[in-house]
Amino acid sequence: MALITIEQLQLDSRLAGINLTLEAGELLGVIGPNGAGKSSLLECIAGLQAYNGRIELDGQNLNRLHGLQRARRIALLPQRCQSAWALKVADVIALGRLPWGDEDPEPIGQAARQTGVSTWMDARVDHLSGGEQARVWLARVLAGRPDIILADEPLASLDLHYQQRVLELLREHAQLQRGVILSIHDLNLAAHWCDRLLLLDAGRIHAIGTPQQVLTPAALRQVYEIDAEVDFSGRQPLIRVLG
Amino acid sequence: MTPALILLMLLTALASLYVGSTDIAVLDGLWQWLQGTDSAAAIVIGEIRLPRTLLALTVGAALGMSGAALQGLLRNPLADPGLTGASQGAALGAASVFYFGLLPAAGAAAPALAGLIGAAIAMSLMLMLAGPSRQGMVIMAGLAISTLTGALLAAVLNFAPNPFALSELVFWLLGSVSERGLDHLGILLPALLLGGGLIWSQRRLLLGLSLGEQVAQSMGLSYARGSRLIILGAALLVGASVAVAGAIGFVGLLVPHLVRPLVRNRPDRLLIPAALAGAILVCLADIVVRWMPPGRELKLGVLTSLIGAPLFIWLVWQERRKWL
């Protein structure tokens, strides 16, 4: 069943004619060059942009939902995050409970364990390294127990180990009645982890489908203007840019 | 934390009732005043020291809370009613009323009302000028608006009808809670309750804004509506306190800094403690003013600025080190 259905989404000059569904249990990757509209798409679904067209959540018009109701079901992990105040890690994660109006220790503790930040609960978030902070921001999103996570390039500034950990967590989240939309630059990781890929080019959908359907040398040449070798025969898909 | 601050505030208030040029039995005087007896002690307490103490407490609470709210809204630890143009806007509004007799329909509340309007206009102009890249631009935009309102205020002073009116206005601008009566409290207290209530209703937005506007909005909080309510609340607090007591600088800037470590830096939990700490600080400063040797009184606003400005320099230094 479709968790999210998008029909004819248009956002000034940034997005046009977007038709899309996010199925339950799906990890959908959004790829495309810089400025293709990846962040704008996620911001529309998160309720941050006034768009034209229609976005439905479980068949309900997203614009009709109260902000807090929407926020309980859809959470945004923005590209860049920074705390203005020297908050403790525990308080940052508790921020994820804002849409619920509580600070329930159970989901907060679980989110901290999932992301491996339990031991720093009393540390100040600005004293952590960039990679450690990225896990705290993710824990904040998980603490709200949303059905849908919109993750905008969550892998930037993470080392290889934590890239894998974050992708595992998002993969784990996209089960049953939940889903994840992930904007991502690394095509190899996108091909390996995502169920389906959406290739955006200048605000329009260039292709949508399984990684094998979307990541063709022709599409990569057209959208990224690169020559690439694509190999889906091995255990892991391999996209190699030819110099 | 909050109970401890309440206790400290009550002790400060009691101490403030004991300080004055004549020795009187404070508790007896208070009791007699409450019963309506016309003894000397009752008059000193009821007419002079109690209004002064209560005004110092409410002005301090209003400034402390508005500082905490503005810093949270603008996500800038250097934001303060004085640095965002709000105080000068309020002073301009109130001074215009004194001179030109604007808003006659509002009666005794006219200066406070004009102060509120002035503060709200100044802060709205500042926000418009700072634009969406608010965090860094706030101080620059605040400086620009303060300069503008300062120039207009100077023009008002320039055209003062007579030297007496001029010196009266200048002394009022220096900031003081002396020689005012309980009727001033009738203006300040409702402003404190209403403005504080508006800000308190948006405490979750202040917490959500810690991670930026985008995150706050994605969590279902309405930034557009909430920020307007916070600005209106802060304008009420600053406008009323400036109209009644003149400019008492740096309280709104420093109090949140003193209290923040006690509330784990959470902007939502900062509001009430900042109000209490502001009340304590201004009341203590007013006690110091009364302790000074007799002669020309050091104005309360001058004292808070003399103490506050070096601390502000220290804060800028701390901020600078963060970016190095």
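Rule-based calculations on the coordinates, nothing more; no lab input. Being a predicted model, the structure only gives us computed values, none of them experimental. Note that we place each Cβ from the backbone using ideal geometry, even for glycine, and neighbour counts take in every protein chain shown.
Some notes on this structure:
- Screening chain B for whole DSSP H helices with an alpha carbon extent of at least 15 angstrom along the helix axis and a mean Kyte-Doolittle hydropathy of at least 1.0 yields B:2-18, B:50-74, B:86-100, B:110-130, B:134-158, B:163-174, B:182-201, B:223-245, B:267-291.
- Here, segment A:2-241 has an Rg and a Dmax of 17.8, 52 Å when only alpha carbons are counted.
- The residues neighbouring residue A:242, those whose beta-carbon lies less than 13 Å from its own, together hold a net charge of -2 under the Lys/Arg +1, Asp/Glu -1 convention.
- Segment B:27-148: projected area of the alpha-carbon convex hull, averaged over directions, in nm²: 10.0 nm²
- Counting every pair of alpha carbons in segment A:81-121, the share spaced more than 13 Å apart comes to 52 percent.
- Spin-label pair residue B:264-residue B:178: with each label point 7 Å from Cα along the Cα-Cβ axis, the two points sit 4.5 nm from one another.
- Theoretical gain in end-to-end length, residue B:154 to residue B:223 [0.36 nm per residue, Cα-Cα removed]: 21.3 nm
- Taking 7 Å steps out from each Cα toward its Cβ at residue A:113 and residue A:185 produces label points 3.5 nm apart.
- A simple spin-label model places pseudo-atoms 7 Å from Cα toward Cβ; at residue A:58 and residue A:195 they are separated by 1.7 nm.
- Within segment B:70-93, backbone nitrogen closer than 19 Å to the virtual label 7 Å beyond the Cα of residue B:320 toward Cβ: B:77-79
- Taking the C-alpha atoms of the protein assembly as shown, convex hull volume expressed per residue in Å³: 184 Å³
- Reduced Cα scattering model of chain B, Debye log10 I(q)/I(0), q = 0.07, 0.15 Å⁻¹: -0.27, -1.21
- Taking amide H as placed 1.01 Å from N in the peptide plane, the amide H of residue B:250 sits under 5 Å from that of B:82, each at least 5 places away or on another chain.
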